[in-house]
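Values in this text are rule-based calculations from the coordinates and carry no lab data. What you see is a predicted model, and the numbers here were worked out from it, not measured in a lab. Note: ideal-geometry Cβ built from the backbone for every residue, glycine included; neighbour counts use all protein chains shown.
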Amino acid sequence: MVATLGRGFLSSLAPSSAANFGELRKAEVRRKYYYEAEKKRRADVYAFAIYAEREPTRLDPLDIEAWEFLVLSTPELERHFGSQDSVALSRIEAVTKAVGYEDLRARVDEALG
């Protein structure tokens, strides 16, 4: 399973350079009112989608060329970030390189092994 989490540098309130990805570990819902107590990462690979356009006049989230993707397998996340529930974009960028949409599938396949 591949989990995708997205962020952008621009928002309607103010530009942000401190993007953060949360809820990387979740409790599993087994039935309507029952949750597994243990929080863990539920995906095999995480693709962090970054809308990288920083110029407000060129804002177009449908422009696939404006997106970058950082891909990490669950073992890589565990090795670098342990049991953290959230990780700052800058820390993710320190351990993997961003790829464009055209290279996303190859990078996900590589992460899956």
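Ranking request for peptides 82-95, 63-76, 46-59: highest mean number of other beta-carbon atoms within 10 Å first, then the rest in descending order.
Averaged packing, sorted descending, gives the order 63-76, 46-59, 82-95.
In nm, what is the difference between 0.36 nm times the number of residues separating ALA94 and ARG79 and their Cα-Cα distance?
Extra length available between ALA94 and ARG79 comes to 4.1 nm.
Go through region 93-105 residue by residue and turn each phi into a ³J(HN,Hα) via Karplus (6.51, -1.76, 1.60, θ = phi - 60°); whole Hz please, and just put x for glycine and proline.
Those phi angles translate into 4, 6, 10, 8, 9, 6, 10, x, 4, 5, 9, 4, 4 Hz.
Taking K and R as +1 and D and E as -1, what net charge do the other residues with C-beta under 14 Å from the C-beta of GLU55 add up to?
It works out to a net charge of -2.
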